[in-house]
1. Count the net charge of all other residues whose Cβ sits under 13 Å from the Cβ of A:T82, scoring Lys and Arg as +1 and Asp and Glu as -1.
2. Once the mean 1/r over all distinct Cα pairs of segment B:354-433 is inverted, what Kirkwood radius in angstroms do you read off?
3. Gap in Å between the Cα centre of segment B:678-723 and the Cα centre of segment B:336-351?
4. Taking the Cα centre of segment A:1-80 as origin, sum charge times position over the Cβ atoms of Lys and Arg (+1) and Asp and Glu (-1), and report the length of that vector in debye to the nearest 20.
5. First obtain the Kirkwood hydrodynamic radius of segment A:1-104 from its Cα pairs, then insert it into the Stokes-Einstein equation at 25 °C and 0.890 mPa s, and state the resulting D in µm² per second as a whole number.
6. Can you give the local net charge around B:G743? Use residues other than it whose beta-carbon is closer than 10 angstrom to its beta-carbon, Lys and Arg +1, Asp and Glu -1.
7. Just which residues of segment A:87-118 lose 10 Å² or more accessible area with every protein chain there, against their chain alone, with the probe set to 1.4 Å?
8. What percentage of the solvent-accessible surface of segment B:273-312, computed with a 1.4 Å probe over protein heavy atoms, is contributed by carbon and sulfur atoms?
Amino acid sequence: MLSFDFDYYKPVTLKEAVQLLETLEQQEKKTMVFSGGTELITLGRIDLSITEAVIDIKDIQECRVMGLNEKNLVLGSALSLTKIEKANLFPLLTKVSSEIADHTARGKITLGGNICAKIFYREAVLPFLLTDSQVIIAGAKGIKVLSIHDIFHEELQLEKGDILLQLETEKSFLGSPFLCIKRRQQWNSGYPLITICALKVGNEIRVAISGFCPFPFRSKVVEEILNNDRLSLEERINTVIEVLPGPILNDVEGSSKYRVFVLKNLLREIMMSLKVEV
Amino acid sequence: MKVIGKSVIRKEAFDKVNGRALYTNDYHSVSMLSAKLVISPYGHARIISIEYKDALNMPGVRAILTGAHLPLTGESLRDRPPLAYDKVRYHGEAIAMVVADTPSQAKNAADRITIQYELLPVVNSPTEAFQPGTILVHPKLGDYVKEQDMNPVPGTNIASHVKIRKGNIEEGWKESETTVEASFSFAPSDHVAMETRCSIAEISPDGNVHIMTSSQAPFMVKQLIAAYFHEDLGKIIVTTPLVGGAYGGKASVQLELLAYLASKAVGGKPVKILNTREEDILTSPCHIGLDAKIKFGADQNGMLKAAEIQYLWDGGAYSDKAADMTRAAAADCTGPYHIDNVWCDSYCMYTNHPYAAPFRGFSHSELSFAIERTLNLLAEKLKIDPLELRRQNAILPGNTTPTQVLLNKSSVGNLPKCIDRLKELIQWEEGQVVEVSDRTIRAKGISCSWKTSTIEANAPSGVILTFNRDGSINLMSGVIEIGTGTKTVLAQILAERLKMDVDKIHVRMEVDTQTTPEHWKTVASRGTFMAGKALLEAAEDVIKQIKEVASPVLRAEKNDLEVANSRVFLKDNPSIGVDFKDIVYGYQFPNGNSIGGQIIGRGNYILRRISRMNPETGEGRPGPEWTVGAYGVEVEFDKIDYTYRLLRAVSVIDIGTVLNEKAAKGQVMGAMSIGLAFAGRETFYFDEFGRVLNPQLRTYRPLRYGENPEYLVDFVLTPQLDAPYGARGVGEHGLLGMPGALGNALSTAAGVSLHHLPLTPELIWRTKGGEENAFL
């Protein structure tokens, strides 16, 4: 039960949505752009989320795109995770997505919703960080196309009036070898203790991590160390631990020290499984 | 006709699978108001002020209640204000209650109430609570009204102390060549029933108090409301529809009192109070925690000679049912083993944690974890196979229990037989550890359990049978259908006794305390035993009445008559008889003359020869019979990262007779699943303010489908002679051995002794010294 009232809009064109957002913001109404609504429902009922207006973007065609063009895979922000999994155009994303929440919830949770979530795991962003994807954003001044590395720092840095439209990933990455492991406090359900995704591009390994810090990240420094062939595997792993961003999460899922132990094991597993030369 | 043992489909199954079954919160009415609680954000604090003027002026608000001037409540000890007054003693404790026209109006007003607190130091574990000179949760413990068998120690945090002194403990230690001593602990957790608790109250102008509630104990609700608030017992009518899972958590009486107070505050209008999941976890009573110390002594042959046991139960802020669990734990303190010299101190401790409700197994799965882990340590020290150690010390007819009850073939099941069957099912001969690959192994752990039901010595159960004009029967019993299928099993017992079609027996699912005969509480695996006994008496009553009417009609002696297939007939010539439909509403002769009349069967049962425990020695008979069981769990364990998968879980339980095979197996599997979740994942995480950090299903996670192992359930059949068709209680027993067996499997797999729950990979890592070796 949400005990607060809010205005609900469901525009059918992008133009309408952008204008609506601008107007509502001019009126200083706290506005939320959503599609599935899972976070508003689940956090709103315990007073952790509140809004005065909602713009539901699930009828906007551009937000529902899913397909390949000449160069890229394009995924709309309002696609549900189950829809993306079923189409399986991006196996790494399918794998990450399929372990988020549960199947029922994933029928509602959208790609954009997970990436822009308040709950900080935002695991769906990991494949896009690994593939240097482009983020397509609609705003009052038109469409912007930005590298994910320029706009995603801990979370998606949307400006006032911006709506996340699509994510574009170069086709050449879609077939690259990958490994994605979600380690939980216990067994197969629950938030990640650590989710790590790795992609092998040529001989280089790329990794992106969620659940270790209160935000997902991909770190160039970490990758340089992992790919440094002058170091042994253990040296690489031990050095990586020293350069990781902070703070390391210390919560009911696991202590920080234990997370370090888990991460070291995962790195070892990834390096060995993807046969990175050491 | 054989109905006993058949997997008859539950009488309420079609309603349930079609989503048509109604639970308390499904009942609405236009005039119904809603209540909403304001709960404490801290574990222990003084309430400086409660400001609710603004809230009172919010739209739809009818009343706001606080704890001033309310009587103290509590089942065995009156230590709990229905709404906190002066102090809060646990995170989630109800402080104020808003009554408004709609749920959201009530919530909005509740959000507007501001409370100022002064934080107090927190008692964050039963061991802390036990330290001399520590903070007192109840400084006025000595002033509280108490029941006879409560032993509170004023000036301490001990709400009740139960002692067992059996044999000569010094002699026991002298005879012991080998001793082991170990400590165990785990925090409180939750029941997580699918249906959160809900109560509705209405006080009609004639003074009748109507309560509808999701409860295992509607008759207790009635008694307690009468006792606490001085209402006439007969004017309180409690109704319970189907209950969506309870696991003991709905045996405590809490929301009903609040609903009653809320209705009273608004002139008797109907008021509903429904827990959110967070309130159900925090505010309503939880699953008890424990700190235990166990010491066992054995002679050179591995025969147990002495046991010294200390249980510090984490009863939380209020004693309520925790005091009874403390006693039940003392009565069965050693586990199902014969030991001549036993010394046990079981303490119900106050802490600043949510207070405890019964939890399926009533303290037995908890104490079993400590006992069964210690036995494995003993086996290791003695270099005896842990299964063999259990078998040779298994409790047998002729042995005595810790409370000195002399057991016989009827009062205790056959544990050695359970152990032998377990040995086969878990493939014990294969070895406790099997290598799977470089990094993974399979490991097995085992455990045993026993349990008697330490319910009130005079607990009653009654049954009424009425007939329909087609000869079918209506069965009314005060047992609550909490998901166990007990009412279907009762129909089977009746069908068996009357040798009739079970489909012609209609079971009333709802209970209302005005017209349904009382069944004490639907707890402690006692539904089938007690209601079954009452039912058999009612069946005899019906048979007797039918024969009385049929005797002149058939012109035959009553002794020459037989009842079967919804008919009464001559034993030696079945073709001469009368159908039920022609006799159960009186028999009419061809000329219109009638005899007999409506047949109403009645039966009742009261437990016999149950006695209170001696306060100094514990001597006494706490329950009618002991169900025993043997358990095994097999895991696949990763030696590098300490993660594991549950592969197989086995329960072999002596249930006397199988009344409904699938229902019995379902009960055992369901209980095993709860036990594994409790052992492997479920716990409250507390911070230094006594706050529960995971009061949501996001972070408090029961077992999900797919995480479960393969379940293997088998039964041993040693009849309990005085039970309906020999059946023993089985509702709880699948749970009891799971924590111990999983703990033993993982301790074997990891090569370290595990002493805490839940058994997470992080716990194993920490026990292996991971923390000390870690760097950050």
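The values are calculated or read from the model by the stated rules, or taken from the named source; none is laboratory data. No experiment lies behind these values; they were computed from the predicted model shown. Using ideal geometry, Cβ is built from the backbone for each residue, glycine included, and neighbour counts are taken over all protein chains shown. Quick note on the areas: whole protein, heavy atoms, side chains included, nothing else; ligands and nucleic acids left out. Shrake-Rupley method; radii C 1.70, N 1.55, O 1.52, S 1.80 Å.
1. +1
2. For segment B:354-433, inverting the mean 1/r across all distinct Cα pairs yields 14.9 Å.
3. The distance from the Cα centre of segment B:336-351 to that of segment B:678-723 comes to 24 Å.
4. The dipole magnitude comes to about 280 debye.
5. Result for D is 159 µm²/s.
6. Taking every Cβ under 10 Å from that of B:G743, the sum is 0.
7. When all protein chains are present, A:D102 each give up 10 Å² or more of accessible surface.
8. 43
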